[in-house]
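Reviewing the structure listed below.
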Amino acid sequence: MQPGKRLTGKVAIVTGGASGIGAETARIFAVHGAMVMLTDANVALGESVVHDIVAAGGTAQFSQHDVRSEERWSSIVAATEASFGRLDILCNIAGISGRDPTLNIQTSLTAGPRLAEQTLEQWNLVMEINATGVFLGTKAAIPAMQRAGGGSIINISSICGIVGSHANAAYHASKGAVRIFSKAAAIQYAPDKIRVNSVHPGFVDTPMTKPGHSNPDVARKRLEVTPLGRFGTPADIAAGCLYLASDESSWVTGSELVIDGGMTAN
Amino acid sequence: MRLKGKVAIITGGAHGMGEAEARLFAKEGAAVVIADVLQKEGEAVAADISAGQGRATFMTTDVTSELAWDKLIATTIATYGKLDILVNNAGISGSSVGDELALAGWERLMAVNATSVFLGTTRAAAVMAKSGGGSIVNISSIMGFIGGADSHPGYSASKGAVRILTKTAAVRFGPSGVRVNSVHPGFLPPMLNNTNADGRASKVAVTPLRRLGEVMDVAYGVLYLASDEASFVTGTELVIDGGYIAQ
């Protein structure tokens, strides 16, 4: 391994790679020598991140990806093995907030519909993308990682998978599902040296949180409950993913890495 | 180098996990003060690091003594100009204190494993706050989460104390830029010194990744929390246990 490069020779799939935490994680993985299959539903943005990674001397390809499609997962894992020879790392980052576009976040402290007003369709959409997508991705990656002799799966949950709030209950439920699904998967595939861990970001500045954080009242209240007194950056979360992806964490599985500026310790 | 220009104190740095952390930190560019009661072993580690182009010094330190902490921190700042990182790694096992139900054993475990962390965390945080921040890493254990049939009640209590003391300190010192996190190792050979081969095999059998931990497994986690890569991480529990408490 080259000094300073912690993922040399490894192959990673990063979902939700077109923006925010996913884009930064894909970039940092590539900087550390990984070959990255970057996937996202947004083709134009995803291709532009891949273009930037390649221009900076990294190795990456883009695949359009609806994480709810089991068929699409199979073809992306197959394409990754065909292009890069193996699969070592899967970073399940794709997710949605479930924000109701009819609610005005600029005047409200909650981004989602309250429980009694939530439709089954809204609930199902959040669960399908945030939780079912992680199940399908993990399921598709396991045979490839068994062929590679092991691997590391990193599932992005949230502090909303640990504590409750006024935000969308479906979002909380989906992130709680990711938290405990990761532990079940960790136990089942530890004998195959496949590690599965969850990452729990707090309030991070990303395109997903921008509508909320651009409301000064929302931003102030969120900063007040964050002991470190700032919002996280995508790089803060990507660095945690790098630790869990690399062999430095080869005895870490079923763990929850909380990166929240101290919010849930309070 | 991930700790370039940083100054770190590592307690219990004369052997085992602490020694691995000291060597890794020095390799990553930190100046390291090894604090331990084991003078001969600690001086040897510091000399070895210095011979290999790293920066390290040793200070005989009883972590249960408030005076010793004052001296350790003052000497570190006199020698290296500041303090960025403290790893509270010093600790003793339940089996080292004998009778599990004797008060003396409980008090000894609490003093070495928990009171030391209180003293070190509060004194170091005060100094770090003045210089704009820092990172404190407290070594707890999986026994800070779960009850183990073989675990001394005082050992478990001391590690649980470290876990929640860490969160209190994180909330209190966060606004000063001081991060405080706990690390929770599972079954490692240094902790199983008094365990025979059958005992070790039984620990491997209950660890999902089917091996005991190695000191470097813990040292890399401590490095992550100590470095600026974890600058938004505080009050967090990093479990490094091969999956043991996930089941």
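Please treat every number below as a calculation from the coordinates, not as lab data. None of the values given here were measured: they were computed from a predicted structure. Backbone-built Cβ (ideal geometry, glycine too); neighbour counts: all protein chains shown.
Just name one of B:132, B:13, B:144: the one whose Cα is farthest towards the positive end of the charge dipole of chain B (beta-carbon charges, Lys/Arg +1, Asp/Glu -1).
Of the listed residues, the answer is B:132.
Tell me the angle of helix A:43-55 to the major Cα principal axis of chain A, expressed in degrees between 0 and 90 and rounded to the nearest ten.
50 degrees
5 Å is the cut-off here: which amide hydrogens, built 1.01 Å from N in the peptide plane, fall below it relative to residue B:179, excluding neighbours closer than 5 in sequence?
Here B:134, B:135, B:136 satisfy the definition.
By counting other Cβ atoms within 10 Å of each Cβ, how are B:4, B:159, B:71 ranked from fewest to most?
Values: B:4 10, B:159 25, B:71 15.
Ordered by Cβ neighbours within 10 Å, fewest first: B:4, B:71, B:159.
Over the stretch B:1-126, what per residue volume does the convex hull of the Cα atoms give, in whole Å³? Let's see the in-between values first.
On the way: hull volume 11.9 nm³, N = 126.
About 95 Å³ per residue, rounded to a whole number.
How would you rank B:27, A:183, going from fewest to most other Cβ atoms within 10 Å of each one's own Cβ?
On the way: B:27 16, A:183 20.
Lowest count first: B:27, A:183.
Determine the dipole magnitude for the protein assembly as shown: charges of +1 sit on the beta-carbon of Lys and Arg, -1 on that of Asp and Glu, nothing else is charged, the reference point is the Cα centre, and the result goes in debye to the nearest 20.
Working: 42 positive and 44 negative charges, 83 e Å.
With only Lys, Arg, Asp and Glu charged at Cβ, the dipole is about 400 debye.
Under a GNM of chain A (C-alpha, springs under 10 Å), which listed residue has the highest mean-square fluctuation: A:132, A:253, A:209?
Looking only at A:132, A:253, A:209, the largest GNM fluctuation is found for A:209.
Could you check which residue among A:166, A:200, A:213 shows the biggest mean-square fluctuation in a GNM of chain A with a 10 Å Cα cutoff?
Among A:166, A:200, A:213, the largest mean-square fluctuation in the Gaussian network model of chain A belongs to A:166.
Under a 5 Å amide H to amide H cut-off, with H placed in plane at 1.01 Å, what residues pair with residue B:61 once short-range neighbours are removed?
B:36, B:37
Place a +1 charge on the Cβ of each Lys and Arg in the stretch B:15-159 and a -1 charge on the Cβ of each Asp and Glu, then give the dipole magnitude about the Cα centre in debye, rounded to the nearest 20. Intermediate values should be presented prior to the final figure.
Numbers: 10 positive and 15 negative charges, 104 e Å.
Here the size comes out at about 500 debye.
Compute the FRET efficiency between residue A:163 and residue A:187 as 1/(1 + (r/R0)^6), taking r as their Cβ-Cβ distance and R0 = 35 Å, and round to the nearest 0.05. Working shown, then result.
Working: r = 24 Å, r/R0 = 0.69.
Calculated value: 0.90.
So what's Rg/Rh here for the protein assembly as shown, counting alpha carbon atoms and using the Kirkwood radius for Rh?
On the way: Rg = 23.0 Å, Rh = 23.5 Å.
The Rg/Rh ratio comes out at 0.98.
Would you work out which of B:187, B:176, B:166 lies farthest towards the positive end of the dipole of the stretch B:111-247? Charges go on Cβ: Lys and Arg +1, Asp and Glu -1.
In the stretch B:111-247, that residue is B:176.
I'd like the per residue volume of the convex hull spanned by the Cα atoms of chain B, given in cubic angstrom. The partial results should precede the final answer.
Values: hull volume 29.8 nm³, N = 247.
Looking at chain B, the number lands at 121 Å³ per residue.
Within the stretch B:80-107, name every residue whose backbone N is under 20 Å away from a label modeled 7 Å from Cα of residue B:126 along the Cβ vector.
So the set is B:80-88.
Suppose R0 equals 45 Å. What FRET efficiency, 1/(1 + (r/R0)^6) with r the Cβ-Cβ distance, do residue A:74 and residue B:149 give to the nearest 0.05?
Details: r = 45 Å, r/R0 = 0.99.
Result of the calculation: an efficiency of 0.50.
For the stretch B:206-246, I need the span (max minus min coordinate) of the C-alpha atoms along each principal axis, in Å, sorted largest to smallest.
Here the spans come out as 34, 20, 10 Å, largest first.
What is the distance, in nm, between label points placed 7 Å from the Cα along the Cα-to-Cβ direction at residue A:115 and at residue A:56?
4.3 nm
Just need the relative contact order of the stretch B:64-148 here, percent rounded to a whole number, with Cα pairs under 8 Å and 6+ apart. Don't skip to the end; give the middle numbers.
On the way: 70 pairs, mean separation 34.6, N = 85.
It comes to 41 percent, rounded to a whole number.
Choose one answer from B:232, B:25, B:118: the residue with the largest mean-square fluctuation in a GNM of chain B with alpha-carbon springs under 10 Å.
The residue with the greatest mean-square fluctuation here is B:232.
With no solvent and one point per C-alpha, what does the Debye sum give as log10 I(q)/I(0) for chain A at q = 0.12 Å⁻¹?
Result of the Debye calculation: -0.68.
Please order A:244, B:86, A:45, B:188 by the number of other Cβ within 10 Å, starting at the fewest.
Working: A:244 24, B:86 32, A:45 16, B:188 21.
Ordered by Cβ neighbours within 10 Å, fewest first: A:45, B:188, A:244, B:86.
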